[in-house]
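The values are calculated or read from the model by the stated rules, or taken from the named source; none is laboratory data. These numbers come from a predicted model, not from an experiment. Cβ placement follows ideal geometry from the backbone for every residue including glycine, while neighbour counts extend to all protein chains displayed. Note: accessible area is taken over every heavy atom of the protein model, side chains too, but ligands, DNA and RNA are not part of it. Shrake-Rupley method; radii C 1.70, N 1.55, O 1.52, S 1.80 Å.
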Amino acid sequence: MKSAKSKQRLNDMRTPARSRQNLVGERDPVQVYCRLRPMQRDSDAPCVKIISPTTVLLSPPATAISYRNENAKTMKYTFKEVFPPETNQQDVFDKVALPIVEGLIKGKNGLLFTYGVTGSGKTFTMTGEPQNCGILPRALNIIFKTINDFQAHKYVFKPDKMNMFDIQTEAEAMLERQQELHKFKSGRKNNSNPDLAMSSSDVTKIEGINEDNQYAVFVTYVEIYNNSVFDLLEDGPPVSRNLPVKIIREDAAHNMYVHGVTEVEIKSAEEAFEAFYLGLKRKRMAHTNLNAESSRSHSVFTIRLVQAPVDEMGEAVIQNKKFLNISQLSLVDLAGSERTNRTKNTGQRLREAGNINKSLMTLRTCLEALRENQINGSNNMVPYRESKITHLFKNFFEGEGQVRMIVCANPRAEDYDETIQVMRFAEMAAEVEVAKPQVIDVAATIGLTTGRRKANRLFTTARDNLARPEAKDIEMDLGLVYSLGPDFPSLELNSSQAAHIIKELMAHLEMRISRRETLKRSKAIKDERLRSALLELEKDSMEVRSENRSLRGQLAAAERRVRALEERLTATENASLSHQRKLSELTEYSSNLKRELQEKEQLLSQHKFDKEKQKKILEKRYNHKIAAEHEKAKEINCEKERLRNAIEEKENRLKIIAEVLNADRGDNIEVYQKTTGEMGAQTSGGREFTPGSTPRALPAHLLTPFSSAVQTQNTNQARDTPASSRRGVAIANPRHRRSLSADGRGWIEHAPNKIVPMGTVMKPNIAHSKVVNKLTSVKDIANSKTSKYCLISQEQDTDGELETKLYKGDVVPTCGGGAQVIFNDVEMLKQFSPNRDSTQSHSHRVSGTSCARHSGKRRDTGCSPPQTPSNTSKKQRVDDD
């Protein structure tokens with residue numbers, strides 16, 4: 001159960017803490033200014049046009065998304081003032097930041113932030129560049145030019161780590177200064193940029209400062225990266241990125257602050273630039289497609305001015321924390337909103353861009369909620385805590401100071417879609433109102449007179465001048481200077497006989513007349529001395545002026561040389577940074593290439609090892625096949641030799657038969673010679689058959705044994721019967737055997753769904769085979785049980801005869817886990833009718849079935865059979881082992 005105090009605190013969180021008291025006083029809207037960046041190229045087309053000192057006109061280009069969504073509608077946006085591209089930095093500072101700096105000197109809080117897309121000129125407006133300072137350097141210079149004569153000694157004001165300050169005595173402050181001097185005896189490296197420190201002649205001094213106060217300046221520098229707060233001035237290496245995360249808390253006065261942040265007391269603008277550049281080195285920057293040095297975080301540079309009244313003597317600060325007046329100026333450089341499809345960010349850059357866009361959206365949501373509460377008089381909760389940037393500046397939006405915004409825009413047509421969102425946000429922010437801060441003169445409330453410090457200084461100066469040794473010889477006649485003598489005596493003239501009274505009056509008047517003459521002579525002498533002294537001073541002044549002119553000319557020449565050297569140094573540093581960045585990129589690229597090369601070499605070595613291993617496996621597997629093929633080749637050669645001997649024997653027998661016939665039957669010589677010629681042609685063809693071919697079958701009457709031929713010499717029936725002369729005993733063909741595919745090994749039969757059976761002895765019969773109609777999976781071939789592959793096709797030839805082809809090959813596994821088919825044999829099976837026309841070739845009548853066989857070529861795929869040679873005869877059978 002919550003207490004009443006906790007409930008009240010919860011209500012204060014939901015409702016702006018100072019909204020009730022702010023509603024009573026006057027309120028001012030958030031002042032929004034617009035600054036346009038110059039065009040980078042003359043060829044770029046602008047989409048923003050200035051039509052008045054306070055109004056801009058946006059025209060969508062044809063390539064913009066809004067062009068299609070809003071039908072090319074032009075929009076007008078009004079600001080407090082619009083700065084054209086040619087506006088210089090001094091004009092922007094005088095009109096935007098100078099009033100906030102004046103309020104800081106007078107004890108008022110201020111918030112100034114730049115808003116826009118990436119590359120629109122926010123950092124240039126806030127920081128500037130050498131010889132062209134931005135708002136932050138100019139504000140620091142003018143602050144120290146104004147309070148230079150009224151600064152308290154260092155460590156008189158000391159932060160108490162709770163967003164407040166303690167007041168120390170002069171002795172305590174001196175002790176801490178001595179400790180600091182001992183600690184930094186070796187000196188500290190200067191991180192500042194002297195080009196940003198303007199000369200005193202360029203800085204105007206703010207009038208109206210309270211000379212009865214003592215002042216001290218403290219600065220903090222934080223960044224909000226990925227919605228986390230980091231202290232950029234924390235002790236550590238200058239370029240350290242491993243900074244601890246800070247948290248945002250609320251102090252006793254309900255003001256938000258970064259707990260544990262480093263507050264540095266500075267006494268000059270140079271020290272402030274040193275602190276600023278130390279934090280700038282730690283700030284997160286990165287390269288994107290739209291900006292070479294894009295801020296990846298929101299940076300907040302805070303200037304806190306502490307002032308306290310001096311005592312009635314005008315010397316020491318009053319030792320009471322209640323009389324402290326702490327004013328704050330926060331200069332915020334917001335990171336630019338960006339679209340991923342333009343920047344092409346990935347990885348860390350993409351995450352950063354998402355957090356940046358989310359925080360800017362939360363800022364817009366908070367301002368919209370404030371505007372709705374003010375317009376409708378409602379009290380809805382404002383989601384400050386959803387983002388660190390809105391949580392930190394909650395007090396400003398609730399009426400703790402002046403709030404001003406500079407909207408930076410790039411008028412290029414390519415940035416129209418982002419620019420219109422920025423303009424809409426600025427238009428909405430200009431409608432939010434904040435209360436005017438009230439300043440209370442603490443010294444007047446405790447009865448201290450004005451001018452006590454100046455009077456004390458004059459008195460101290462006069463006293464010191466009188467105490468000098470040379471002041472003792474000065475003759476001073478204050479009576480002669482301040483009076484003509486004693487006062488008139490108090491005499492009364494009562495009668496005409498009082499002549500002595502008249503004589504006394506005459507003597508007194510004569511004495512005054514003589515005194516007047518003496519004063520006149522003294523005045524004339526002093527005037528002459530003064531005139532001569534003035535002449536001497538004028539002469540000395542002219543000499544000093546001439547000397548100053550010569551020295552000023554020498555100083556200007558030296559400054560020009562120094563400036564030229566600094567420019568060269570800056571250019572050299574930029575080139576060095578660019579080369580270092582390129583070197584790091586090339587080093588990283590080289591390391592990536594080396595790593596990829598090592599990986600590829602490892603893959604190649606592994607692939608080579610696998611190939612050697614596969615080669616050894618295949619050699620072991622096919623050694624016995626190679627030996628069997630060699631044996632088969634030897635058998636074929638023996639068979640060839642045997643056939644050659646048989647043919648020679650048959651030729652000899654035919655010669656004997658021819659001689660017998662010529663002797664016994666002279667009338668049949670011509671017929672016999674013709675028959676013998678045919679037989680010789682056939683036998684000569686048999687002698688010249690190629691390896692692996694089958695000799696043609698001879699006619700039956702030529703294959704009759706010699707004894708049978710002798711017996712038929714005396715019988716005319718055997719000579720006159722044509723059937724007996726054409727037909728004889730059938731010769732058994734050794735090639736007419738069962739298909740070689742039936743070897744009993746693991747086969748894959750790849751055949752169509754419907755195949756016509758041949759019905760002959762040549763029909764393939766493969767045992768232990770798997771029949772598939774379509775190869776749908778690699779597992780059908782790539783397995784340990786399959787070692788043979790057969791592709792069966794069936795078609796008709798030009799004569800309408802049915803022809804079956806079998807493409808056969810070995811299945812060889814590959815190193816990748818698959819398999820390849822090496823085709824090494826083609827069988828062609830064709831069936832003929834035995835009653836075909838006698839005009840067909842003689843070979844068709846010998847057998848009803850023919851077989852052609854060819855060796856296939858190697859294929860790396862298992863589904864593309866080799867092409868059958870077109871010149872293969874229908875009865876040819878070739879075995880190329």
Once Arg644, Arg304 are ranked on solvent-accessible area with the largest value leading and a 1.4 Å probe, the list reads Arg644, Arg304
Sorted by chain and number, the residues with a modelled amide H under 5 Å from that of Phe83, at a separation of 5 or more or across chains, are Cys34, Arg35, Leu36
For 309-317, 221-229, ranked highest to lowest by mean beta-carbon neighbours within 10 Å, the order is 221-229, 309-317
Log10 I(q)/I(0) at q = 0.15, 0.17, 0.22, 0.27 Å⁻¹ for the stretch 72-111, from Debye over equal alpha-carbon scatterers, is -0.53, -0.62, -0.80, -0.93
If amide H atoms are modeled at 1.01 Å from N in the peptide plane, then the residues at a separation of 5 or more from Ala819, or on another chain, having amide H under 5 Å from its own are Thr814
Rounded to the nearest 10 Å², the accessible area of Glu599 using a 1.4 Å probe with every protein chain kept is 100
Order by accessible surface, 1.4 Å probe, largest leading, for residues Ile142, Ile440 comes to Ile440, Ile142
Between Ala499 and Glu601, the two model label points (7 Å from Cα along the beta-carbon direction) sit apart by a distance in nm of 14.2
Given a 1.4 Å probe, the accessible area of the stretch 511-575 per residue, as a whole number of Å², is 87
Listed by chain and number, the residues whose amide H is under 5 Å from that of Gln214, excluding neighbours fewer than 5 places away on the same chain and using placed H, are Ala308, Val310
Largest-first ranking of Thr587, Thr55 by accessible area, probe 1.4 Å, whole protein assembly kept, is Thr587, Thr55
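Among the listed pairs Lys625/Lys774; Lys76/Lys122; Lys283/Lys436; Lys95/Lys122, give every one whose C-alpha distance is greater than 28 Å.
Lys625/Lys774; Lys283/Lys436
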Among the stretch 36-55, those whose backbone N falls under 19 Å of a label point 7 Å along Cα→Cβ from Ala62 are 43-48
Two pseudo-spin positions, 7 Å from Cα along C-beta at Glu427 and at Ser52, lie apart in nanometres by 1.5
Mean Cβ-within-10 Å packing, highest first, puts peptides 122-128, 384-390 in the order 122-128, 384-390
Rounded to the nearest 10 Å², the 1.4 Å probe accessible area of Leu654 is 20
Counting only protein heavy atoms with a 1.4 Å probe and every protein chain in place, the carbon and sulfur fraction of the accessible surface of the stretch 572-622 in whole percent equals 56
Pseudo-spin-label distance Gln794 to Leu466, built 7 Å along Cα→Cβ, given in nm, is 14.1
Most packed first (mean Cβ within 10 Å per residue), the peptides 454-462, 544-552 order as 454-462, 544-552
